Amino acid sequence: MSTLRTTSSYGTLSDHLDDLSSGLADLVRQEREVEEWGRRLARCLDGGRLLVAGNGGSAAEAQHLTAELVGRFEGERRPLSAIVLHGDTSTVTAVCNDYGGDEVFARQVEAHGRPGDVLLLLSTSGRSANLLRAAERARGADVDVWAMTGPTPNPLARMADRVISVDAQSTSAIQEGHLVAVHALCAAVERALAQQPAHTVDLRAHTAGAAL
């Protein structure tokens with residue numbers, strides 16, 4: 001089990017690729033879990049929603065995931081309800097100002113989360129206070145908590161219902177592993193959706209809206 005590096009020692013490109021290769025090998029061993037996430041998320045998004053959050057580079061990965069789901073990944077399919085919790089800057093700054101940074105995601109989970117929804121939290125360390133608070137709030141709202149983290153065990157992984165971890169030493173390699181996991185999850189969701197009955201779109205509603 002790797003220990004997350006706390007010093008800024010990126011090393012050479014070869015060193016980084018060795019670390020990344022180790023993390024990706026660990027991710028491959030979780031392939032069945034990635035596929036299970038895809039099946040469960042496809043079922044959730046048949047009327048429910050996905051909430052996603054992270055800090056810094058993990059926030060970028062969270063937003064990457066929601067973009068792929070609301071838009072599309074590889075194939076054509078219906079848009080899926082996926083909301084990134086750092087994207088509304090007015091809400092983020094208002095909550096931070098009034099309630100403090102630890103509440104920035106938790107309060108949004110309380111506002112948007114419904115029983116059966118999924119909250120996915122991305123963290124290289126698994127120790128970010130605002131993500132742990134969000135996980136706690138999600139549990140109180142009967143929202144499933146999933147986590148993508150670095151090496152386990154960590155506090156976030158212990159709180160989550162389902163975990164995908166990347167066992168690499170550097171933050172950057174973990175984040176790159178998370179991006180691979182994000183893409184693999186999107187592909188798994190689309191495979192699962194392809195097995196579901198097709199959703200029909202009421203074109204009359206779209207026509208009426210366009211005429212207004």
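The values are calculated or read from the model by the stated rules, or taken from the named source; none is laboratory data. Remember, it's a predicted structure, so these values are computed and weren't measured experimentally. For neighbour counting, all protein chains shown are included, and Cβ atoms are generated from backbone atoms with ideal geometry for every residue, glycine included. Areas reflect the complete protein model, heavy atoms only, side chains present, ligands, DNA and RNA absent. Shrake-Rupley method; radii C 1.70, N 1.55, O 1.52, S 1.80 Å.
Scan Leu132, Leu193, Leu179, Leu185 and give me the residue that is of a type in the set (A, V, I, L, M, F, W, C) and touching a Pro at 6+ places or on another chain (Cβ under 7 Å).
Numbers: Leu193 fails: touching a Pro at 6+ places or on another chain (Cβ under 7 Å); Leu179 fails: touching a Pro at 6+ places or on another chain (Cβ under 7 Å); Leu185 fails: touching a Pro at 6+ places or on another chain (Cβ under 7 Å).
Answer to the check: Leu132.
Taking the residues in region 88-108 that are loosely packed, with under 14 Cβ neighbours inside 10 Å and among the small types (Gly, Ala, Ser) as candidates, determine which candidate is farthest from Glu190 (Cα to Cα). Working first, answer last.
Within region 88-108, the first condition is being loosely packed, with under 14 Cβ neighbours inside 10 Å, and the residues that meet it are 88-90, 93-94, 97-100.
Going one step further and asking which of them are among the small types (Gly, Ala, Ser), we end up with 90, 94, 100.
On the way: Ser90: 32, Ala94: 36, Gly100: 38 Å.
Here the residue is Gly100.
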Report, by residue number, each residue of region 145-164 that is hydrophobic (A, V, I, L, M, F, W, C) and in a helix (DSSP H, G or I). Leu156, Ala157, Met159
Given the conditions (1) surrounded by fewer than 13 Cβ atoms within 10 Å (Cβ to Cβ); (2) within 25 Å of Arg133 (Cα to Cα); (3) modelled with pLDDT under 95; (4) not aliphatic (A, V, I, L, M), which single one is not true for Glu76? (2)
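Mind telling me which of the residues Ala67, Ala59 ends up being open to solvent by 30 Å² or more (accessible area, probe 1.4 Å), under 17 Å from His178 (Cβ atoms) and of a type in the set (A, V, I, L, M)?
On the way: Ala59 fails: open to solvent by 30 Å² or more (accessible area, probe 1.4 Å).
After applying the criteria, what remains is Ala67.
Asp167: acidic (Asp, Glu), within 30 Å of Thr12 (Cβ to Cβ), modelled with pLDDT of 95 or more and not in a strand (DSSP E or B), yes or no?
Considered against the rule, which asks whether it is acidic (Asp, Glu), within 30 Å of Thr12 (Cβ to Cβ), modelled with pLDDT of 95 or more and not in a strand (DSSP E or B), Asp167 comes out as yes.
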Yes or no: region 179-193 includes at least one residue that is in contact with a strand residue (DSSP E or B) (Cβ under 7 Å, 6 or more places away or on another chain), open to solvent by 20 Å² or more (accessible area, probe 1.4 Å) and either modelled with pLDDT of 95 or more or within 18 Å of Leu27 (Cβ to Cβ) (or both). no
Cβ contacts < 8 Å: first residue under 11 Å from Leu51 (Cα atoms), restricted to region 101-118; second residue modelled with pLDDT under 95, any location; separation 6+ or different chain. Result? none
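Kindly establish whether Asp117 is out of contact with any His (no Cβ under 8 Å at 6 or more places or on another chain) and surrounded by 21 or more Cβ atoms within 10 Å (Cβ to Cβ).
Values: out of contact with any His (no Cβ under 8 Å at 6 or more places or on another chain): yes; surrounded by 21 or more Cβ atoms within 10 Å (Cβ to Cβ): yes.
Yes; evaluated as a whole, the condition is true for this residue.
Going through Ser14, Ser22 one at a time, which residue ends up being touching a residue at least 24 places away in the same chain (Cβ under 8 Å) and over 28 Å from Thr66 (Cβ atoms)? Even if it seems obvious, please write down each step before you answer.
On the way: Ser14 fails: touching a residue at least 24 places away in the same chain (Cβ under 8 Å).
Testing whether each residue is touching a residue at least 24 places away in the same chain (Cβ under 8 Å) and over 28 Å from Thr66 (Cβ atoms) leaves just Ser22.
Scan region 124-143 and tell me whether some residue there is of a type in the set (Val, Ile, Thr) and surrounded by fewer than 19 Cβ atoms within 10 Å (Cβ to Cβ). Lay out the reasoning, then the answer.
First, pick out the residues of region 124-143 that are of a type in the set (Val, Ile, Thr): 124, 143.
When the remaining residues are screened for being surrounded by fewer than 19 Cβ atoms within 10 Å (Cβ to Cβ), the result is none.
There is no residue in region 124-143 that is of a type in the set (Val, Ile, Thr) and surrounded by fewer than 19 Cβ atoms within 10 Å (Cβ to Cβ).
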